[in-house]
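Right, one structure below, let's go through it.
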Amino acid sequence: MTLYRAQVLDTPDDPFSGGVLRCEADAGLLVEDGLIVERGSFAEVRRRHPAAEVVQLPDGVLLPGLIDTHVHFPQVRVIGALGMPLLEWLERCALPEESRLADVGYARAVAAEFVGALLGAGTTTALVFGSHFAPAVDVLFEAAAASGLRITSGLVVGDRMLRPDLHTTAQRGYDEGRLLAERWHGAGHSRYAVIPRFALSCSDDLLASCGHLHRDVPDSWFTSHLNENLDEVATVRRLFGGGTYLDCYDRHGLLGPRSVLAHDVHPTDEELKRMAEAGVSVAHCPTSNAALGSGLFPLNRHLAYGVRVALGCDVGAGTGFSLFKEGLQAYLLQRLRGPDGAVLTAAHLLHLATAAGAQALGLRDQVGDLGAGMRFDAIWVRPHHGTPLHIGMRHSSGPDEALARVFALATSHDVVQVWTGGEAVVTPA
Ligand SMILES: [Zn+2]
């Protein structure tokens, strides 16, 4: 048994429904076999378990592991290409790089970089867009399994409007997906997701085969893109004969509580109503939306309809792996919406980056906060001496202010230790 002593912040109760930041300035978390078995003040827990090994985490804060609900494995090396809208960025930056993953040696190197960058940013659970190439998806799952990262991922499919080498067929997409799911769905912390790239690049036949695969792999996940960019939305509607974007997925049985759709910057009221009804979650990716000029995410409309929202970094259109940066950008985007914007506190941002992600991925009974009964997936944010974050945290008036400073100023470099399931996966350099 290990007893961790730290200042612990988390959001077990949803701040969007009246919950507040939970803070314990000198907490004790007793961890056994990767599970938090007891939580209380350090002095109390210590008294009850005098023999437990104590790990002191002075300074900074201990937070739940961050949960990213939308990120692309093949795009680590193309982050930061600015100045283009979505469809041009795909053609010039993302898709040429995705083609390189046909080479499994190349894919293996990218997988190591990808998993290292996620964990280094403090992300312990992620819903990941895999590759268009099945062997590359295998190496991603292998790298994640070896690292302790919890991932849900799968083969990405498309059969038009990408590049010919990235196109598949309905039958091949199904067969390759089925084999990958047999190997990885439910193996350790890995789960399989059915991933049509987006309706624009998928014929109705291909989406139908995705629907079959989703049904044939019990408890598989479904993820794709939705309503990201106005040109994309108009093209999808034209290609599919005028229905809503969401209909393209809905008509093939792809919507339900195990569905996560990225972006949704331009939804109709009808789509929001349907997503809430079906229990679909939206992955909000604010740095990507800003970088590609996609638009200002209508968070209040999602909340009003009861659509669940979590955060995604959307690397490589997003500008990095840190969900602190995504949280800050989510806050800034809402400010730019003026009176239509949601006013987000630090507790909202932490919730979006942790418990809301766990909820979207059906893992809320295991991760998302640091209460008793949860897995010990945690990150220690300890700013380097003399940095603005260190100064700001030392001079904050309370935990809410300290956490706001973390979202404003923290980077991956401030995440000095990361645990998943009680195992240290990133340790201080
Ligand atoms: Zn994306």
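Largest first and in whole Å, what are the equivalent-ellipsoid semi-axes of the stretch 117-273 based on the Cα gyration tensor, each being the root of 5 times an eigenvalue?
26, 17, 14
If you take the square roots of the eigenvalues of the alpha-carbon gyration tensor of the stretch 30-157 and sort them as a ≥ b ≥ c, do you get rounded (a/c under 1.5), prolate (a/b over b/c) or oblate?
Prolate, since a/c reaches 1.5 and a/b exceeds b/c.
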* Asked: With θ set to phi - 60° and the Karplus curve 6.51 cos²θ - 1.76 cosθ + 1.60, what are the ³J(HN,Hα) couplings of the stretch 142-154 in order, to the nearest whole Hz, using x for Gly and Pro?
  -> 4, 5, 5, 4, 6, 9, x, 5, 8, 10, 10, 7, x
* So how much accessible area does Arg108 have, in Å² to the nearest 10, using a 1.4 Å probe? -> 130 Å²
* **Equivalent ellipsoid dimensions for the chain as semi-axes, Å, which come from the Cα gyration tensor, largest first** => 35, 23, 20
* **Residue-normalised accessible area of the chain, expressed per residue, 1.4 Å probe, Å²** => 36 Å²
* Asked: What is the helix-to-structure angle for 104-120, meaning the angle in degrees between its Cα long axis and the longest Cα principal axis of the chain, kept from 0 to 90 and rounded to the nearest 10?
  -> 40 degrees
* Asked: For Tyr305 and Asp219, what does the FRET efficiency come to when R0 = 35 Å and r is the distance between their Cβ atoms, rounded to the nearest 0.05?
  -> 0.85
* Pick out which of Phe240, Phe297, Phe324 has the largest mean-square fluctuation in a Gaussian network model of the chain, springs linking Cα atoms closer than 10 Å. => Phe240
* **Volume per residue that the Cα convex hull of the stretch 129-181 spans, once the total is divided by residue count, Å³** => 72 Å³
* Asked: Using the Karplus equation 6.51 cos²θ - 1.76 cosθ + 1.60 (θ = phi - 60°), what ³J(HN,Hα) coupling, rounded to whole Hz, does each residue of the stretch 81-88 give in order, writing x for Gly and Pro?
  -> 7, 9, x, 10, x, 3, 5, 5
* Structure fact -> To the nearest 10 degrees, the tilt of helix 323-336 (Cα long axis) against the first principal axis of the alpha carbons of the chain is 70 degrees
* To do: For n ≥ 4 DSSP H runs only, could you compute -39500 (n - 2.57) per run for the chain, divide by its residues and tell me the 222 nm figure to the nearest 500?
  => -11000 deg cm²/dmol
* Heavy atoms of Thr244: accessible area, 1.4 Å probe, square angstrom to 10 -> 20 Å²
* Using a 1.4 Å probe and counting only protein heavy atoms, arrange Glu270, Glu88, Glu176, Glu232 so the residue with the most accessible area comes first. => Glu270, Glu88, Glu176, Glu232
* **Exposure ranking of Lys325, Lys273 by accessible area [1.4 Å probe, largest first]** => Lys273, Lys325
* Asked: Amide H to amide H, which residues 5 or more places from Arg308 or on other chains are under 5 Å from it, using H placed in the peptide plane?
  -> Val282
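The values are calculated or read from the model by the stated rules, or taken from the named source; none is laboratory data. Keep in mind that this is a model prediction, so the values were computed, not measured. Counting neighbours? That spans all protein chains shown, and the Cβs are built from the backbone with ideal geometry, glycine included. The accessibility values were calculated without ligands, DNA or RNA, using every heavy atom of the protein model including side chains. Shrake-Rupley method; radii C 1.70, N 1.55, O 1.52, S 1.80 Å.
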